[in-house]
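> What follows is a single structure, and I will ask about it in a moment.
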Amino acid sequence: MIKPIANYEAYLEAYQKSVDQPEAFWADVASHFQWRKPWDKVLDWNFDEPKISWFEGAQLNITENCLDRHLAEHGNKLALIWEPNDPKERFVRYTYRELHEHVSRFGNVLRKNGIEKGDRVCIYMPMIPELMVAVLACARIGAVHSVVFAGFAAHSVADRINDSGCKMVITADALNRGAKQIPCKAVVDEALAECQTVEKVIVFERVGWPVHMEPGRDFWWHDELKGVSAHCEPAVMEAEDMLFILYTSGSTGKPKGVVHTCGGYMVYTAYTFANVFQVKPNDVYWCTADVGWITGHSYLVYGPLLNGATTLMFEGVPTYPDPGRFWQVCDKHAVTIFYTAPTAIRSLMAAGEDHVLSYSLDKLRVLGSVGEPINEEAWHWYHIHVGKERCPLTDTWWQTETGGIMIAALAGVSPLKPGHAGYPLPGVQPVLLDQEGKEIEGNDREGYLAIKFPWPSMIRTTYGDHERCRLNYFDTYKGYYFTGDGARRDEQGMYRIIGRVDDVINVSGHRFGTAEIENAINQNEHVAESAVVGYPHDIKGQGIYAFVVCREKEFDPVNLKGEITETVVAQIGKIAKPDKIQIVSGLPKTRSGKIMRRILRKVAEGDISNLGDTSTLLDPLVVDEIVEGKL
Ligand code: WTA
């Protein structure tokens with residue numbers, strides 16, 4: 001288990017060592033794990049092909065490190081606390097010993113059903129303990145898991161299954177989400193009509209919905225477990241064997257399967273989890289992300305378990321049965337570390353302070369944010385009302401492709417600055433590049449964010465298409481991993497992520513991050529949330545189009561727009577004045593909470609004939625409203 005860096009001087013020292021002697025640095029971190037066979041070579045790499053290989057020659061099984069190795073001393077410690085959607089339903093707790101047993105049994109179920117090392121298994125499940133068990137059981141036997149968020153529609157599920165040729169799907173009858181119940185198995189059935197490679201489907205009964213069971217193909221989870229041994233010999237994996245595939249959207253319509261491997265991913269997620277959250281033995285840690293996203297993989301499942309921590313999984317949504325649910329769960333389970341997304345904070349902020357003020361939250365020690373730039377207003381609200389100004393709030397920047405957190409404060413150790421992810425973690429060498437790909441030196445500068453040296457959990461390939469990986473990440477700027485984000489390094493060298501560079505707007509030669517303008521707009525007391533996109537403007541090149549969600553139901557649109565403009569002018573200057581402000585009742589978001597800017601850009605451009613696929617949206621109806629009200 002990793003001992004976190006204790007103070008800022010030690011961080012600086014660790015950082016320096018990680019740059020001067022990266023191999024010695026990571027070999028030292030890696031020595032804290034259980035390997036079946038040590039490595040021959042710590043690192044072999046080039047960013048041209050690209051080829052990235054960490055701990056070559058080493059063998060391991062990540063679940064031995066997540067589970068078995070804790071049993072002797074911490075077998076009775078809680079590994080998992082599961083809180084159901086309905087607060088009246090009983091919660092579930094598994095010790096490390098119990099989780100180990102569940103994973104072992106289910107690993108045997110997979111083997112019994114013909115799954116072998118290297119086979120791909122699609123997991124399309126609700127946020128229930130069996131999801132974690134399924135993921136770890138795959139890793140136990142060396143199968144490659146491909147978790148697909150259980151909100152994707154059948155066609156998207158089919159695309160992902162086909163792209164990686166999955167042999168099995170693990171799912172549930174249906175899932176609970178707030179007051180609603182949503183089918184899973186029926187979606188899988190529909191998807192499988194488009195798939196050839198799936199031989200078996202294992203179905204967990206969560207809700208008790210009637211489902212179609214295809215004879216010879218579909219089997220119940222509980223039936224398959226009958227008489228299965230609780231001993232499951234772990235598959236011995238090479239460090240660079242695939243651990244999982246996770247699909248993520250790129251600039252094109254087709255999602256790409258980001259590939260992570262066993263050794264490097266294990267070392268990096270464990271190291272960053274311990275350090276960023278400054279984890280202590282008795283912490284109760286809660287990451288609200290769904291396991292369907294990278295945050296759930298790295299910081300709900302693997303990072304915490306690798307450190308022998310207690311991780312909380314929540315089935316429901318922040319607003320059910322009311323917008324105090326997160327805080328009620330924090331109090332109920334004495335949560336000490338809480339990690340969530342700005343979008344959740346903003347929506348709870350809009351629901352008013354009363355919901356948070358009625359809970360004590362006195363066990364909370366550390367707060368985290370992830371997934372998008374956190375605007376300063378949300379940062380302060382979170383820090384003041386949730387953290388009571390007592391808990392360090394670490395804004396963590398990273399990506400599906402990076403596998404783990406890259407730029408973030410070590411909670412309570414590094415300086416904090418609202419809106420800034422801060423300094424890179426040890427082992428991470430970020431640079432800012434200009435248009436030509438030249439490194440921008442010095443502080444108080446802005447540029448394209450790239451990373452110039454490999455770290456253990458970086459993307460290895462995009463499944464089945466290595467060239468796509470090269471073109472996407474290693475070709476734009478030769479010799480660098482290109483993140484697709486723009487960033488600013490402030491006077492102190494702290495990084496502020498501005499947003500995707502595909503979201504940059506150039507207005508009369510002035511460049512703005514859309515997030516920067518949103519930040520300003522959100523400062524207005526009437527604004528709950530906003531999204532800004534560029535659109536072609538005859539004189540300025542690009543104009544600024546703002547979609548704004550108002551906090552109140554009743555408002556005078558003319559006044560409100562005037563006020564918002566004034567706020568932006570006061571925050572940034574006249575050059576950032578929105579050309580158009582459309583007041584909307586909601587923004588088109590994916591189910592993970594990301595705003596679908598592609599749709600807003602099309603509306604702003606007046607090109608509404610082809611809005612593309614809106615099926616993955618949380619609420620497709622808001623698109624109709626936005627199109628109708630377009631300016
Ligand atoms: C954005 C999520 C600002 C960024 C872990 C990145 C952030 C993309 C932050 C990756 C942050 C993530 N501040 N922006 N703290 N964290 N992003 O793959 O644009 O879902 O490139 O990984 O989210 O999103 P992904």
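Just so you know, all these numbers are worked out from the coordinates, no wet-lab data involved. Keep in mind that this is a model prediction, so the values were computed, not measured. A quick note on method: Cβ atoms are made from the backbone with ideal geometry, for glycine too, and the neighbour counts reach across all protein chains shown.
> If amide H atoms are built 1.01 Å from N in the plane of the peptide, which residues on other chains or at least 5 residues away come under 5 Å of the amide H of Gly543?
Result for Gly543 returns Tyr535, His537.
> Then there's this: With a bin width of 5 angstrom, please list the P(r) values of the stretch 131-242 as percents of all Cα-Cα pairs, from the 0 bin to the one holding the largest distance.
Going out from 0 Å in 5 Å bins, the stretch 131-242 shows 2, 11, 20, 23, 20, 13, 8, 2, 0 percent.
> Quick check: convex hull over the Cα atoms of the stretch 226-288, volume per residue in Å³, rounded to an integer?
In the stretch 226-288, the Cα hull volume divided by residue count equals 222 Å³.
> Let me ask something else about it. Under the classification rounded if a/c is under 1.5, otherwise prolate if a/b is larger than b/c and oblate if not, where does the stretch 418-525 fall, given a ≥ b ≥ c as square roots of the Cα gyration tensor eigenvalues?
prolate
> Here's a follow-up. Output the peptides 35-41, 128-134 sorted from most to least packed, where packing is the average of other Cβ atoms within 10 Å over each peptide's residues.
Highest-to-lowest ranking by the protection proxy: 128-134, 35-41.
> Within 10 Å of each candidate Cβ there may be at most 16 other Cβ atoms; applying that plus a DSSP loop requirement, which trypsin sites (Lys or Arg not before Pro) in the stretch 324-427 survive?
Lys363, Lys388, Arg390
> Here's another thing I want to ask about it. For the residues Lys561, Lys185, Lys280, what sequence is obtained by ranking on other C-beta atoms within 10 Å, fewest first?
Lys280, Lys561, Lys185
> May I ask you to compute the full-extension gain from Val569 to Thr614, defined as 0.36 nm times their residue separation minus their alpha-carbon distance, rounded to one decimal in nm?
Using 0.36 nm per residue and subtracting the Cα-Cα distance, I get 12.8 nm.
> Also, quick follow-up: Give the cross-link partners of Lys630 among the lysines, using a straight C-alpha distance below 22 Å as the criterion and excluding same-chain residues fewer than 8 apart.
The qualifying lysines are Lys540, Lys553, Lys561, Lys577, Lys580, Lys589, Lys594, Lys602.
> Lys and Arg at +1, Asp and Glu at -1: add these up for the other residues within a Cβ distance under 10 Å of Glu233 and post the number.
+2
> Hey, another quick one. Sum up the charges of everything whose Cβ sits under 15 Å from the Cβ of Leu71, counting Lys and Arg as +1 and Asp and Glu as -1, but leave Leu71 out.
Net local charge, Leu71 excluded: -1.
> Straight-line reach from Lys363: which lysines have Cα under 19 Å away, leaving out those fewer than 8 places along the same chain?
Filter leaves Lys77, Lys280, Lys332, Lys388.
> Treat the count of other C-beta atoms within 10 Å as a stand-in for reagent exposure and order Val259, Val276 from fewest to most.
In increasing order of surrounding Cβ atoms, one gets Val259, Val276.
> Modelling each spin label as a point 7 Å along the Cα-to-Cβ direction, I'd like the Ala350/His155 distance in nm, to one decimal.
The answer from the label model is 2.8 nm.
> With all distinct Cα pairs included, what does the Kirkwood hydrodynamic radius of the chain come out to in Å, to one decimal, could you say? Please list the in-between numbers first.
Working: mean 1/r = 0.0399 Å⁻¹.
Over the chain, the inverse of the mean reciprocal pair distance is 25.1 Å.
> Multiply the residue separation of Leu631 and Phe555 by 0.36 nm, subtract the distance between their alpha-carbon atoms, and state the gained length in nm to one decimal.
Length gained, Leu631 through Phe555: 25.5 nm.
> Same structure again: Helix-only estimate, please: 222 nm mean residue ellipticity of the chain, summing -39500 (n - 2.57) across DSSP H runs of length 4 or more and dividing by its residues, to the nearest 500.
That calculation yields -8000 deg cm²/dmol at 222 nm.
> Taking θ = phi - 60°, what integer Hz values does the Karplus form 6.51 cos²θ - 1.76 cosθ + 1.60 yield along the stretch 487-496, in sequence order, with x for Gly and Pro?
8, 10, 9, 7, 4, 8, x, 7, 8, 10
> Over the Cα atoms of the stretch 117-159, how large are the radius of gyration and the largest Cα-Cα distance (Dmax), in Å?
Final numbers for Rg and Dmax: 10.7, 29 Å.
> Let me ask something additional. Can you list the HN-Hα couplings for the stretch 177-191, worked out from phi with the Karplus curve (6.51, -1.76, 1.60; θ = phi - 60°), rounded to whole Hz and with x for Gly and Pro?
9, x, 7, 9, 10, 10, x, 10, 4, 5, 5, 4, 4, 5, 4
> Let me ask something additional. Remind me, what semi-axes does the stretch 287-393 give for its equivalent ellipsoid, largest first in whole Å, using sqrt of 5 times each Cα gyration tensor eigenvalue?
21, 15, 14
> Find the cysteines in the chain that fail to meet the 4.7 Å Cβ criterion with every other cysteine, and list them.
Singleton cysteines: Cys66, Cys138, Cys184, Cys195, Cys232, Cys262, Cys287, Cys330, Cys391, Cys469, Cys550.
> Quick check: residue separation of Glu49 and Arg93 times 0.36 nm, minus the Cα distance between them. What number comes out in nm?
On the way: separation 44, 0.36 × 44 = 15.84 nm, distance 4.55 nm.
That pair, Glu49 and Arg93, stretches by 11.3 nm at full extension.
> Return Asp86, Asp159 ranked ascending by Cβ neighbour count within 10 Å, so the fewest neighbours appear first.
With the fewest neighbours first, Asp86, Asp159 line up as Asp86, Asp159.
> Something else now. Can you list the lysines whose alpha carbon sits under 17 Å from that of Lys112, skipping same-chain ones fewer than 8 residues off?
Excluding near neighbours in sequence, the set is Lys167, Lys200, Lys226.
> Is the shape of the stretch 211-351 best called rounded, prolate or oblate, per the rule: a/c under 1.5 gives rounded, else a/b larger than b/c gives prolate, else oblate, with a ≥ b ≥ c the square roots of the Cα gyration tensor eigenvalues?
Here the stretch 211-351 falls in the rounded category.
> Follow-up question, since we're still on this one. Between Glu205 and Lys226, how many nm apart are label points set 7 Å from Cα along the C-beta direction?
Roughly 1.2 nm, to one decimal.
> Can you work out the Karplus-derived ³J(HN,Hα) for every residue in the stretch 457-462? Use 6.51 cos²θ - 1.76 cosθ + 1.60 with θ = phi - 60°, whole Hz, and x for glycine or proline.
With the stated coefficients, the stretch 457-462 comes to 9, 6, 3, 9, 6, 9 Hz.
> While we're here: For the stretch 507-628, what class follows from the C-alpha gyration tensor (a ≥ b ≥ c being the square roots of its eigenvalues): rounded when a/c is under 1.5, otherwise prolate if a/b is larger than b/c, else oblate?
oblate
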